[in-house]
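All remarks here apply to the structure that follows.
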C-alpha cells in the first residue's frame with residue numbers, strides 16, 4: 001500500500017513538472033476594470049464564470065485611462081467596461097490599433113447629470129441662472145474619467161458659472177444620499193446603469209446642446225492576440241451580455257450592508273443559469 005501511495009504521488013508530481021509553462025500560463029486570465037458600480041458587477045460575474053471553468057482570474061481596478069492602457073499593452077487580457085461611442089472615445093481613438101473591440105455587453109447606457117426629482121432644475125441651461133441652488137458646484141467622480149471630460153466640455157458649452165468637483169463613485173453617491181435625505185438641491189455626474197436610480201427618485205437634466213450624446217453601450221475589449229492565445233476565453237467574451245435590469249439588480253444587492261461583489265455575482269449566476277449557459281455554448 002505504501003509503495004502504491006508513493007507511486008501515485010510520484011505520478012502527480014511528474015504530471016505537474018511535465019506541464020509546459022505555456023499550458024500553465026493559459027489558465028491565467030487578467031481582467032482590468034474601472035470602479036464604477038456597473039463595471040464591478042459585470043467584472044465579478046465574468047470572473048466567477050471563468051473560475052467555474054477552471055481559470056485563475058485576477059481582476060484589477062484602475063482609472064479609466066490606465067484600464068485602456070493595460071489592455072493595449074497586454075498587461076490585462078480584457079475588460080468589459082469600455083463606454084462607447086462617446087464616454088471613452090478619446091481612449092479608443094488613441095489605442096484602437098492596439099486592442100480588439102469585441103463589441104457591446106450592455107446596451108441602452110447613458111451618461112449625464114442627474115438631480116432629485118423634487119428639485120426645480122430640469123435642464124442644464126437652468127444652471128446658468130440657478131447655480132446658487134447647488135452652491136455653484138457639480139459633484140463628480142474620478143478625475144480623468146470620460147464622463148468628467150464631457151462634463152468639463154458641457155460647462156464650457158453652456159457657459160455655466162459652476163465648478164466640477166473630483167471624487168469617486170462612492171463619494172458622489174454619498175453626497176447624493178446626504179442631500180436627498182435633507183431634501184437639498186444637488187447635481188451629480190452619473191450614468192445608466194447605476195443603482196442610484198433604483199434607490200432614489202432622480203431625473204437627468206435635459207441636454208439641449210447634446211453635449212453628452214445619445215445612447216451608449218458598454219463594450220468588451222481584448223488585447224491583441226487573445227483570440228489566438230486563448231480561444232475559449234475569446235469565445236466566451238463574444239457572447240457575454242447583460243441587460244440594464246440585470247446589472248442594476250446586482251448593484252442594489254451590492255449596496256446592502258456587508259455585501260461582497262464576488263458573492264452577489266455568484267447569487268446572480270445561480271438565479272440565471274440559462275443566461276450563463278448561453279455564454280458557454
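If the condition is being under 19 Å from residue 263 (Cβ atoms) and part of a strand (DSSP E or B), then region 27-55 contributes 31, 33.
Across region 204-222, which residue is modelled with the lowest pLDDT among those that are within 17 Å of residue 81 (Cβ to Cβ) and surrounded by 22 or more Cβ atoms within 10 Å (Cβ to Cβ)? For region 204-222, the residue satisfying everything is 216.
Here residue 130 meets the list (1) in a helix (DSSP H, G or I); (2) more than 18 Å from residue 242 (Cβ to Cβ); (3) touching a residue at least 12 places away in the same chain (Cβ under 8 Å) almost entirely, failing just condition (3). Given the condition without any contact (Cβ under 8 Å) to a residue 60 or more places away in the chain and assigned by TED's automatic domain parsing to the domain that holds residue 135, answer yes or no: does some residue in region 184-196 qualify? The answer is yes; a qualifying residue exists.
Residue-level check: of (1) at pLDDT 95 or above; (2) assigned to a strand (DSSP E or B); (3) surrounded by fewer than 20 Cβ atoms within 10 Å (Cβ to Cβ); (4) in contact with a helix residue (DSSP H, G or I) (Cβ under 7 Å, 6 or more places away or on another chain), residue 102 misses just (3). For residue 117, the stated conditions hold: it is assigned by TED's automatic domain parsing to the domain that holds residue 151 and either surrounded by fewer than 21 Cβ atoms within 10 Å (Cβ to Cβ) or more than 12 Å from the chain's Cα centre (by Cα) (or both). Any idea which residue in region 45-61 is farthest from residue 105 (Cα to Cα), counting only those that are in contact (Cβ under 8 Å) with a residue 40 or more places away in the chain and surrounded by 14 or more Cβ atoms within 10 Å (Cβ to Cβ)? Going through the qualifying residues, I end up with 55.
The values are calculated or read from the model by the stated rules, or taken from the named source; none is laboratory data. Everything quoted here is computed from the prediction, not taken from an experiment. We place every Cβ from the backbone using ideal geometry, glycine too, and count neighbours over all the protein chains shown.
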